[in-house]
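Peer 1: Let me begin by handing over the structure; questions about it come next.
The values are calculated or read from the model by the stated rules, or taken from the named source; none is laboratory data. Keep in mind the model is a prediction, meaning the values are calculated, not measured. Please note: Cβ atoms are built from the backbone with ideal geometry, for glycine as well, and neighbour counts cover all protein chains shown. Surface accessibility is based on the protein's heavy atoms, side chains included, excluding ligands, DNA and RNA. Shrake-Rupley method; radii C 1.70, N 1.55, O 1.52, S 1.80 Å.
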Amino acid sequence: MNLFDLSGKTALVTGARKGIGFAMAQVLAEHGADIIAVSSKQSSEDELSSIVRGYGRSFEGIAADLRIRSQTKDLISILKGRKIDILINNAGIANRAEVLDHSDEQWDETLEIDLTAPFLLSREIARGMAERGSGKIIFTASMWTFLGGKNVISYTAAKSALGGLVRGLSNELVPLGIQVNGIAPGFIETDINDRVRKDKARFEFLTSRIPIGRWGKPEDLAGATLFLSSKASDYVSGVVIPVDGGYLAN
């Protein structure tokens, strides 16, 4: 038995157009999954689509801005009745501001895409998974699921809540055959961290705290993604796995 074979499976990946979501979709396609990719500017004809189809898998791109509740609901309507075996809730933003300057708008926008949209998608897609008696739901969490962070209070609140969402959903869904887990990336070289990486002193300080000695790359998340999406993790549920170069242990 190939524990990592995803042939015949369909994976929905949000925030798939670039960065971590791109790498997640790519590894799933490489191991046999068909891909439905979602992001605010997603296309059915782009670099990811070429890679996925190059593996002989089908690809569908859906444009949906998950910061906007109506677009999340429209996406759910489009997906209704579709067989989705793997849901990866990866799309997210980090609005950066000191807490005394953190606006209502920044708070609402962050929680909408980082917390509410993942819950709504999970609730609705889990209905089909429950009917079939199997499914995998994975959330992209963060170091700030465990730590407080600085100048990202809405992001910290949302990612901390994702840890609770993973555990709560697991308690209710794992008896129905659905495993629910999270991946907590450490400091990864993606657009969301551009501002931090451009701050030389901050960048060097953070790098010095990572025992492996470097920032991660999106493809460093591929192994954990494949594990949690495959039969290899059928007895794993309700956990958030850090992929952080040892940061949390330091």
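Peer 1: Once you order the gyration tensor axes a ≥ b ≥ c over the Cα atoms, which shape class does the range 84-135 get: rounded for a/c under 1.5, otherwise prolate or oblate by comparing a/b with b/c? Please report the intermediate quantities before stating the final value.
Peer 2: Values: a/c = 5.71, a/b = 3.47, b/c = 1.65.
Because a/c hits 1.5 or more and a/b exceeds b/c, the range 84-135 counts as prolate.
Peer 1: Between ASN2 and ARG82, how many nm apart are label points set 7 Å from Cα along the C-beta direction?
Peer 2: So the label points at ASN2 and ARG82 sit 2.5 nm apart.
Peer 1: Same structure again: Amide H of GLY61: which non-local residues (sequence gap of 5 or more, or other chain) have their own amide H closer than 5 Å, using H built in the peptide plane?
Peer 2: Close amide H contacts, sequence-distant or interchain: ALA37, SER44.
Peer 1: Return P(r) of the range 101-250 (all Cα-Cα pairs; 10 Å bins starting at 0; whole %; ordered from short to long distances).
Peer 2: In whole percents, the pair-distance histogram is 11, 37, 34, 15, 3, 0.
Peer 1: Calculate one ³J(HN,Hα) per residue across the range 57-65 by plugging θ = phi - 60° into the Karplus curve 6.51 cos²θ - 1.76 cosθ + 1.60, and present them in order as whole Hz with x for glycine and proline.
Peer 2: 9, 7, 9, 9, x, 10, 8, 7, 8
Peer 1: I've got another one for you. For the chain, what does -39500 (n - 2.57) per DSSP helix run (n ≥ 4), summed and divided by total residues, give at 222 nm, in deg cm²/dmol to the nearest 500? Please list the in-between numbers first.
Peer 2: On the way: 9 runs with 98 residues, N = 250.
Theoretical 222 nm ellipticity from helices: -12000 deg cm²/dmol.
Peer 1: Scaled to the compact-protein estimate 2.2 N^0.38 Å, what is the alpha-carbon radius of gyration of the range 117-164, rounded to two decimal places? Walk me through the numbers on the way to the answer.
Peer 2: Working: Rg = 13.6 Å, N = 48, 2.2 N^0.38 = 9.6 Å.
Rounded to two decimals, the normalised Rg is 1.42.
Peer 1: Could you give log10 I(q)/I(0) at q = 0.15, 0.21 Å⁻¹ for the range 193-250, computed by the Debye formula over C-alpha point scatterers of equal weight, without solvent?
Peer 2: Calculated log10 I(q)/I(0) at the listed q: -0.57, -0.88.
Peer 1: How big is the dipole moment of the chain about its Cα centre under a simple scheme where the beta carbon of each Lys and Arg is +1, that of each Asp and Glu is -1, and everything else is neutral? Debye, nearest 20, please. Working shown, then result.
Peer 2: Numbers: 29 positive and 30 negative charges, 66 e Å.
For the chain, the charge dipole is close to 320 debye.
Peer 1: Using the Kirkwood formula on the Cα atoms of the range 152-225, what hydrodynamic radius do you get, in angstrom to one decimal?
Peer 2: It is 14.6 Å.
Peer 1: Could you check how many percent of all C-alpha pairs in the chain are farther apart than 30 Å? Can you show the working numbers first?
Peer 2: On the way: 6761 of 31125 pairs.
Every Cα pair in the chain considered, those over 30 Å come to 22 percent.
Peer 1: Then there is this: Mind listing P(r) for the range 58-172? All alpha-carbon pairs, 10 Å bins, whole percents.
Peer 2: 14, 42, 32, 11, 1
Peer 1: Which value, in debye to the nearest 20, gives the size of the charge dipole of the range 130-204 about its Cα centre, when Lys and Arg are +1 and Asp and Glu are -1 at the Cβ?
Peer 2: Working: 10 positive and 7 negative charges, 38 e Å.
Value, rounded to 20: 180 debye.
Peer 1: Give the accessible area for LYS18 in Å² (nearest 10); use a 1.4 Å probe, count only protein heavy atoms, and leave out ligands, DNA and RNA.
Peer 2: So the heavy atoms of LYS18 present about 110 Å² to solvent.
Peer 1: As a test of the definition: which semi-axes, in Å, follow for the range 10-68 when you take the square root of five times each eigenvalue of its alpha carbon gyration tensor? Largest first, please. Walk me through the intermediate numbers first.
Peer 2: Numbers: eigenvalues 63, 22, 17 Å².
Equivalent ellipsoid of the range 10-68: 18, 10, 9 Å, largest first.
Peer 1: At a Förster radius of 35 Å, what calculated FRET efficiency corresponds to the Cβ-Cβ distance of ASN171 and LEU248, to the nearest 0.05?
Peer 2: On the way: r = 24 Å, r/R0 = 0.68.
Working from the Cβ atoms, E equals 0.90.
Peer 1: Label point 7 Å out from SER103 along Cα-to-Cβ: which residues of the range 148-171 have amide N under 17 Å?
Peer 2: 152-155
Peer 1: In the range 95-119, whose amide N lies under 11 Å from the spot 7 Å out along Cα-to-Cβ of ARG195? List them in ranges.
Peer 2: Residues 95-99, 102-103 qualify, since their backbone N sits under 11 Å from the label point.
Peer 1: Moving on to the next point. Ranked from the most accessible area to the least, with a 1.4 Å probe and all protein chains present, what is the order of TRP215, TRP107? Display every interim value, and only then the final one.
Peer 2: Working: TRP215 5, TRP107 100 Å².
The residues order as TRP107, TRP215, largest area first.
Peer 1: Between the range 134-192 and the range 1-22, what is the C-alpha centre distance in whole Å?
Peer 2: One Cα centre to the other: 17 Å.
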